[in-house]
Amino acid sequence: MSAYKDLTEQKLSLEKELLGPYRLVVGLEIHMHVKTDHGMFCACSTEGVYDAPSNTHTCPVCLGLPGALPVPNEDAIKQTHRLGIAFHCELNKESRFDRKHYFYPDLPKGYQISQYLKPLCGEGYLDLPTGSRVELERIHLEEDTAKSFHEGGKTLIDFNKSGMPLIEMVTKPSIHSAWEAAEFGRQVREIVRYLGVSDADMEKGQMRVEPNISLQTAEMAKNGKLPDYKVEIKNINSFKFMEKAILYEIKRQREILESGEVPLQENRGYDEASGETVPQRSKEEAHDYRYFPEPDIPPMSFDGAYFEDLKKTVKRLPEETKKELIEEKGLSRQEADVLVSEDLVDLLYGVVDLGVVFDEAVNLLVNRPEYREFSAEEFAAKIKEQSNKIEDMAALETVVGEVLAENPQVVAEIESGKDSAKEYLLGQVMRKTKGKADPVIVRRLLTTRFQG
Ligand SMILES: [Zn+2]
């Protein structure tokens, strides 16, 4: 924990210096592909879709052909709700899909089916290991768009990804550090993997993050007033880059503010090579999307029993479990990290219930990966078997002691250098144990006895 604390303090003090009199305000939009077997509104398989040849996972629905009707993916809806439960979100009993209109070649229908006024999940939060709380605005479900490639002056489009279920998580502007923004992203990734909601592989584009960034004066912070501009950095696929992009924006925006201007409200991209953010094509404002309820999908309603059943499928959050292991059980952060990330906590408590000492179980699970493959029963049996062996060892030592006491001349001969006389003692031990002793171990015991 202390190494983590040191790192956090170091990061935060660096940011404080960069910010000077200003306070950072960051909100995040995180998009994640849902781990499910078919499309958001069509039957296209998601299996192997990331490596498949272009335009092989398509159908009339996701290509937006006339007359095709969307049917919502129930599993994707459940996964989104499970995520909402994990983030303590308000679960909306009434929800619906809306059409979000904009014209772009990666959107064959001319609109995206998303959620606007009635998302699946409302406000929630997550507490970070740094101690800060990130507040969530909403979690909703939508369909992903296609991917375009610009090659030799032409634009090519691959529709495989189009229509894949996409969760969008939106935080409030409640993050005040680049380091904590990145920490939040890492936590979200860990949680969605832990719950099986998404594989969240950022290199495959399964998870993308967009921070919106502005700087507040102390006066505004005091009055709870947000800056009247924000800069959004689009499609970042690494938390390290996001942290760097935010740090760059702090410097850039502070310079503009100190010159008496207000930074332009715009979308920017992050250039990995230069470490700078650069202006991007500006997208229409939210009110230009002309949202309206999707007429082909009836509104959804969910009852309490449905949510209660889902809650049973949501395990405790990794960070909450780690916190308990560290604060209540006295484990190091490293041990807690291994146990939680390798999904060993249930096994740990299972073997403890079967009588294995807590510290011994932790030690074996952390340091001896072969123990992680056992069931709780096998694990406990293995421990018992070993302690039996240790008891046997104690019994053997007693027999060796007896044989030595009964044969003082032989002992004297060995001590005066006649090493071969040990074989006689070995024979005596084997006789006394009726041949059950392991001669290798008896020899070792005798050797130890006559050393030094
Ligand atoms: Zn399809």
Which one is nearest to G205 (Cα to Cα) among residues in segment 102-146 that are among the hydrophobic types (A, V, I, L, M, F, W, C) and assigned to a loop (DSSP other than H, G, I, E, B)? A146
So in segment 218-240, with the set limited to residues that are in a helix (DSSP H, G or I) and out of contact with any Gly (no Cβ under 9 Å at 6 or more places or on another chain), which one is surrounded by the most Cβ atoms within 10 Å (Cβ to Cβ)? M220
On the basis of being at pLDDT 95 or above and within 16 Å of the ligand (Cβ to nearest atom), does A86 make the cut? no
Of the residues that sit in segment 42-51 and are touching a residue at least 40 places away in the same chain (Cβ under 8 Å) and near the ligand (Cβ under 8 Å from one of its atoms), which one is farthest from R96 (Cα to Cα)? C44
In this structure, does E397 turn out to be over 16 Å from Q451 (Cβ atoms) and not assigned by TED's automatic domain parsing to the domain that holds L348? no
Every pair of residues 6+ apart whose Cβ atoms lie under 9 Å, when the first sits in segment 169-180 and is assigned by TED's automatic domain parsing to the domain that holds Q10 and closer than 18 Å to T8 by Cα while the second is of a type in the set (D, E) and crowded, with 21+ Cβ neighbours inside 10 Å: S177/E183; A178/E243; A178/E249; W179/E243
List pairs: first residue in segment 421-447 and closer than 14 Å to G401 by Cα and not assigned by TED's automatic domain parsing to the domain that holds D392, second residue at pLDDT 85 or above and part of a loop (DSSP other than H, G, I, E, B) anywhere in the structure, Cβ distance under 6 angstrom, at least six positions apart or on different chains. none
Would you mind finding the one in V338, V345, V314 that is farther than 21 Å from E373 by Cβ, touching a residue at least 24 places away in the same chain (Cβ under 8 Å) and either buried (at least 17 other Cβ atoms within 10 Å of the Cβ) or of a type in the set (V, I, T) (or both)? V314
When the residues of segment 101-124 are narrowed to those that are in contact with a Ser or Thr (Cβ under 6 Å, 6 or more places away or on another chain) and modelled with pLDDT of 95 or more, which ends up farthest from P293 (Cα to Cα)? L120
Which residue out of K161, K154 is crowded, with 19+ Cβ neighbours inside 10 Å and at pLDDT below 95? K161
Can you find even one residue in segment 277-288 that is aliphatic (A, V, I, L, M), outside any loop (DSSP other than H, G, I, E, B), without any contact (Cβ under 8 Å) to a residue 40 or more places away in the chain and loosely packed, with under 12 Cβ neighbours inside 10 Å? yes
Please go through segment 202-224 and give me each residue that is under 19 Å from F241 (Cα atoms) and among the acidic types (D, E), ordered by number. E203, E210
Being more than 13 Å from the ligand (Cβ to nearest atom) and assigned to a loop (DSSP other than H, G, I, E, B): is that true of Y4 here? no
With respect to T36, determine if the residue is within 15 Å of the ligand (Cβ to nearest atom), surrounded by fewer than 19 Cβ atoms within 10 Å (Cβ to Cβ) and either among the hydroxyl-bearing types (S, T, Y) or in a strand (DSSP E or B) (or both). no
Filter segment 60-70 down to the residues that are touching a Cys at 6+ places or on another chain (Cβ under 8 Å) and touching a residue at least 60 places away in the same chain (Cβ under 8 Å) and list them by number. V61, C62, P70
Failed criterion for E249 (all others in (1) in a helix (DSSP H, G or I); (2) surrounded by fewer than 17 Cβ atoms within 10 Å (Cβ to Cβ) hold): (2)
Just to be sure, is S198 away from the ligand (no atom under 16 Å from the Cβ), in a loop (DSSP other than H, G, I, E, B), touching a Lys or Arg at 6+ places or on another chain (Cβ under 6 Å) and of a type in the set (S, T, Y)? yes
Within segment 52-77, count every residue that is within 13 Å of the ligand (Cβ to nearest atom), over 23 Å from E168 (Cβ atoms) and small (G, A, S). 2
Would you check if Y125 is closer than 30 Å to T155 by Cβ and surrounded by fewer than 21 Cβ atoms within 10 Å (Cβ to Cβ)? no
For the list (1) surrounded by fewer than 21 Cβ atoms within 10 Å (Cβ to Cβ); (2) touching a strand residue (DSSP E or B) at 6+ places or on another chain (Cβ under 9 Å); (3) within 23 Å of K311 (Cα to Cα), I need the number of the one condition that V25 fails. (3)
Mind listing just one residue for me: the one in segment 149-167 that is within 26 Å of D37 (Cβ to Cβ) and assigned to a strand (DSSP E or B) and, of those, nearest to the ligand (Cβ to nearest atom)? P165
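The values are calculated or read from the model by the stated rules, or taken from the named source; none is laboratory data. Note that the structure is a prediction, hence the values are computed from the model and not measured. Here the Cβ is made from the backbone with ideal geometry for all residues, glycine too, and neighbour counts use every protein chain on show.
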